[in-house]
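Just below is one structure, and these are the notes that go with it.
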Amino acid sequence: MIPIEMEELGLDQPCICSYVRKTDRYLSQFYDAYLAPAHLKTTPLSLLKGVIRNKDCSITELGKILLMDQTTVTRNAAVLEKRGLLSIEKRSDDARQKILKVTHQGLQKIKEATPYWRQAQQTLQDSLGKKQFDFLIQILFSLQKKL
């Protein structure tokens, strides 16, 4: 058996990336469970909200804002378009660019999902306590801006 050098393999300290990715998977499942009655998952809800916050944005622009690659945004937008929640239109000044718009049905779906999303948020806040909850949001926001 080959002796393992913990320090040489980077196993002597916790990896922030691993913890964040693991937590991301846990939180996605957590929110998805709350959103299930609205038949919407966390990623599509985030995408729809991103389109509303950034009116007339392109797929590329939304990808940059949400820190998602263009292929992922395109794939998710196509699914939402098939469900009638999102429209994808060519930009009038540049037909190569596609503009995303939330449809009336999409807006109604967000409204339907919002109480469930709020319940998930409140459950997390209750679990962590308001101070830690707010601090967590600050840290995550800070990491996104600094890196």
Under the 0.36 nm per residue contour assumption, what length would be gained going from the current alpha-carbon distance of Tyr26 and Gln97 to full extension? 22.1 nm
Aspartates and glutamates whose Cα lies under 15 Å from that of Lys90, excluding same-chain neighbours fewer than 8 positions away: Asp56, Glu61, Glu81
Helix-only [θ] at 222 nm, the chain, -39500 (n - 2.57) per DSSP H run of 4+, per residue, nearest 500, equals -21500 deg cm²/dmol
Specify the angular offset, from 0 to 90 degrees and rounded to the nearest 10, of the alpha carbon long axis of helix 16-35 from the longest principal axis of the alpha carbons in the chain. 50 degrees
Based on the Cα atoms of the stretch 41-139, what semi-axes does the equivalent ellipsoid have, where each is the square root of 5 times one gyration tensor eigenvalue, given in whole Å with the largest first? 29, 16, 10
With axes computed from alpha carbons, what is the tilt in degrees of helix 70-82 against the longest principal axis of the chain, rounded to the nearest 10 within 0 to 90? 50 degrees
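Each reported figure results from applying straightforward, stated rules to the coordinates on display, with no laboratory input. Predicted model, so just to flag it, every value in this text is computed and none were measured.
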